[in-house]
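Below is one structure; the comments refer to it alone.
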Amino acid sequence: MSENSEALDEFRVLLGEDDLSCTVSDALGRGGALDAGFRPVWPGARLLGPAVTVRTFGTDLSAVFDGIAAAPAGSVLVIDSHGVVNSAFWGERTTRAALGRRLAGAVIGGACRDVVALKRLKFPVFSTGVTPNAGLPGGRGEVNVPVALGGQPVSPGDLLVADENGVVVVPMSQIRDTLTKVRALLQAERELLARTTDPALLQPEGVS
């Protein structure tokens, strides 16, 4: 097992921590988050896993299905739709295909649909919009190429961590180091909150 595989397994244990995305962002120097437009499609959704990236072509869904077929179990499909929000790049059919591949979730720089089905199936999806319009076939697109969405570059293998606060990207080369920092921050936070409510002591470091 590679060092990153071990780190990913250890990171997954932390997914039950409340507001984990906030701690991961703190560990990255208070950065790494996609912009505030990325929201969970259903309340309580959480995901954590390495990225399999998709760059769509127009409103074509073909590359999304290609990405699902190529994605290992535990992966997060990251879809760069070039800002298209009037056509959905995810819905019940893609969700059922992803569940069949045991994927961890999807992050879409664009829209999805079938939100009632997604909530019922408990598949975590984070997107920048919702629309009834389905994407149409017509040009395929690309899989496992560098993409950019929400103000952040995402490469295949980068770690995605998402909850109701938003989505954070951990570069693949920083996964182990970030895990170590996250553990230390979680422990320090528990200890601090258990011993004080003093506003002076609860300020983040660097605030005066």
Legend entry - Every residue from region 1-53 that is touching a residue at least 12 places away in the same chain (Cβ under 8 Å), polar (S, T, N, Q) and over 13 Å from residue 171 (Cα atoms): 21, 23, 53
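Table: residues versus (1) at positive phi; (2) surrounded by fewer than 17 Cβ atoms within 10 Å (Cβ to Cβ); (3) of a type in the set (D, E, K, R).
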| residue | (1), (2), (3) |
| --- | --- |
| 120 | no, yes, yes |
| 135 | no, no, no |
| 143 | no, no, no |
| 153 | no, yes, no |
| 167 | no, no, no |
| 173 | no, yes, no |
| 203 | no, yes, no |
Inset, instruction - For residues that are within 18 Å of the chain's Cα centre (by Cα) and surrounded by fewer than 24 Cβ atoms within 10 Å (Cβ to Cβ), tally how many sit in region 54-63. - result: 1
Inset, instruction - Note down all Cβ pairs under 8 Å where the first residue falls in region 149-161 and is farther than 16 Å from residue 127 by Cα, the second is among the aliphatic types (A, V, I, L, M) and surrounded by fewer than 19 Cβ atoms within 10 Å (Cβ to Cβ), and they're at least six residues apart or on different chains. - result: 155/172; 156/145; 157/172; 158/172; 159/172
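Rule-based calculations on the coordinates, nothing more; no lab input. All values reported here derive from a predicted model rather than from experimental measurement. Cβ: placed from backbone, ideal geometry, glycine included. Neighbour counts: every protein chain shown.
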